[in-house]
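Just below is one structure, and these are the notes that go with it.
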Amino acid sequence: MSDLVENQVQLLLTGQALENDDICNVHTLASDIIGAKSGQLTAHIPICSKTVTYIVAAVVINDQGEVLMMQEAKASCTGKWYLPAGRVEKNENLVSAVKREVLEETGLVIAPSTLILVECANGTWFRFVFTGDIVGGSLKTPDQANEESLQACWVRSIDDLPLRSNDIIYLLDRGKSYVSNKNIPQHPHLMPVFKSHAKLLLRIIVTSKKRATNRLHVLASDTEQYNLPICELNPNRSLLSTLHNFMTEIFGNDVAQHKPHGLLSVEFSGGQEGDGLCLTLLVSFKLPLEDVPIIGKYIWHELSENVAESLAARLPRNMTVPLKVVR
């Protein structure tokens, strides 16, 4: 058991995909089963641009501290300014999508280096925000205006620009914080990894320390595979609501206070054998595990010292990719 669990944790700490073993043990939440029986919930098959919407956006900041912006050409917001962003197309992966959008809207070629934020609304809308470096192309000028954008500019302050929407202000702040704060510890670069998924999934790494030994433990399923807990996202609920229901089914209605930190990995299939994805979220209990009784079919697994150190290093602020639930 030890090697199985430790190997999974180590892979996820480096942003890699797990083998398909855990997908066989996806937990279906009791509330979703009740919803399905009553006809309120049908099986959700993620189909890009039909039953699920994936958006990519890029926050690119140059050496002068200026941010790359584009001027909208769409009739509904013509002349307004926004970050280079757009919908992921069918059979397209997230990295290809953000490269395409930046090139189409700004004329520049981006080499994405990391996700800096993932946003979600209900279980069917996700926005993946990247940063990276410009490695080619030429900035789009007004005489190159087309249906993608009117022009692009490097902007020192967005305060004077008419924005298409203020929702990008949080994204800009997040990008500046990640790119500019070189002297504080931050999460390592995390890029989406390719893996076929036919569903929208949430995997959780749940941690707690044992009072008696002060050793870090993680939650694993009490089966022969000893997989990390994983459940299907309900398309009608916020991700935090799904997380709460999942934790309640594992630990009971009086589940102790726990903290969702952020993402350790993003697995995305890009339309090959399904338009699904799997997000791995790090969650911790402040209370020792002796005070966190389990009612579901899970057990606490004590981590070896090396893996425990690596995992504990990701618990502080800024050490995971933020997951923002949009109301």
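The values are calculated or read from the model by the stated rules, or taken from the named source; none is laboratory data. Fair warning: this is a prediction, and the values are worked out from it, not measured in the lab. Methodologically, a virtual Cβ is constructed for each residue, glycine included, from the backbone with ideal geometry; neighbour enumeration extends over all protein chains shown. When the accessible area is computed, the model is the full protein with side chains, heavy atoms only, and any ligands, DNA or RNA have been set aside. Shrake-Rupley method; radii C 1.70, N 1.55, O 1.52, S 1.80 Å.
For every residue, the table says whether it meets (1) modelled with pLDDT of 95 or more; (2) within 22 Å of Trp125 (Cβ to Cβ).
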| residue | (1), (2) |
| --- | --- |
| Arg215 | yes, no |
| Ser221 | no, no |
| Gln225 | no, no |
| Glu232 | no, yes |
| Pro235 | no, yes |
| Leu239 | no, yes |
| His258 | yes, no |
| Leu263 | yes, yes |
| Val266 | yes, yes |
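In region 254-263 there is at least one residue that is out of contact with any Lys or Arg (no Cβ under 9 Å at 6 or more places or on another chain), open to solvent by 10 Å² or more (accessible area, probe 1.4 Å), free of Cβ contacts under 8 Å to residues at least 60 places away in the same chain and of a type outside the set (Gly, Ala, Ser).
Within region 149-171, the set of residues being surrounded by fewer than 19 Cβ atoms within 10 Å (Cβ to Cβ) and either without any contact (Cβ under 8 Å) to a residue 40 or more places away in the chain or closer than 17 Å to Val56 by Cα (or both) comprises Ser157, Asp159, Asp160, Ser165, Asn166, Asp167, Ile169, Tyr170. Taken over region 156-213, the criterion of being at pLDDT 95 or above, more than 23 Å from Leu239 (Cα to Cα) and of a type in the set (Val, Ile, Thr) is satisfied by Thr213 alone.
Here is the figure for region 214-253: residues that are touching a residue at least 12 places away in the same chain (Cβ under 8 Å), hydroxyl-bearing (Ser, Thr, Tyr) and farther than 14 Å from Thr28 by Cβ total 3. All conditions but one from (1) in contact with a helix residue (DSSP H, G or I) (Cβ under 9 Å, 6 or more places away or on another chain); (2) more than 30 Å from Glu89 (Cα to Cα); (3) surrounded by fewer than 22 Cβ atoms within 10 Å (Cβ to Cβ) apply to Ala220; the one that does not is (3). Checking each residue of region 84-103 against the condition of being farther than 24 Å from Cys120 by Cα, touching a Lys or Arg at 6+ places or on another chain (Cβ under 9 Å) and open to solvent by less than 60 Å² (accessible area, probe 1.4 Å) gives no match.
When you look at Pro229, is it within 24 Å of the chain's Cα centre (by Cα) and within 25 Å of Thr114 (Cβ to Cβ), yes or no? The answer is no for Pro229. Evaluating Thr248 against the criteria (1) buried (at least 17 other Cβ atoms within 10 Å of the Cβ); (2) part of a loop (DSSP other than H, G, I, E, B); (3) out of contact with any strand residue (DSSP E or B) (no Cβ under 8 Å at 6 or more places or on another chain) leaves one unmet condition, (2).
Number of residues in region 104-123 that are open to solvent by 10 Å² or more (accessible area, probe 1.4 Å) and more than 21 Å from Trp154 (Cα to Cα): the value is 2. For residues that are in a loop (DSSP other than H, G, I, E, B) and among the aliphatic types (A, V, I, L, M), scanning just region 76-97, find the one that is nearest to Ile116 (Cα to Cα). Across region 76-97, the extreme among qualifying residues is Leu83. The residues on offer are Arg211, Arg174, Arg203, and the sole one that is open to solvent by 20 Å² or more (accessible area, probe 1.4 Å) and either in contact with a helix residue (DSSP H, G or I) (Cβ under 8 Å, 6 or more places away or on another chain) or part of a loop (DSSP other than H, G, I, E, B) (or both) is Arg211. Residues that are open to solvent by 20 Å² or more (accessible area, probe 1.4 Å), modelled with pLDDT of 90 or more and more than 18 Å from Lys199 (Cα to Cα) within region 37-69 comprise Ile61, Asn62, Asp63, Gln64, Gly65, Glu66, listed in sequence order. Taken together, the residues in region 264-316 that are open to solvent by 50 Å² or more (accessible area, probe 1.4 Å) and either of a type outside the set (A, V, I, L, M, F, W, C) or under 15 Å from the mean Cα position of the chain (by Cα) (or both) amount to 13.
Among the conditions (1) at pLDDT below 90; (2) touching a Leu at 6+ places or on another chain (Cβ under 7 Å), the only one that Leu11 does not satisfy is (1).
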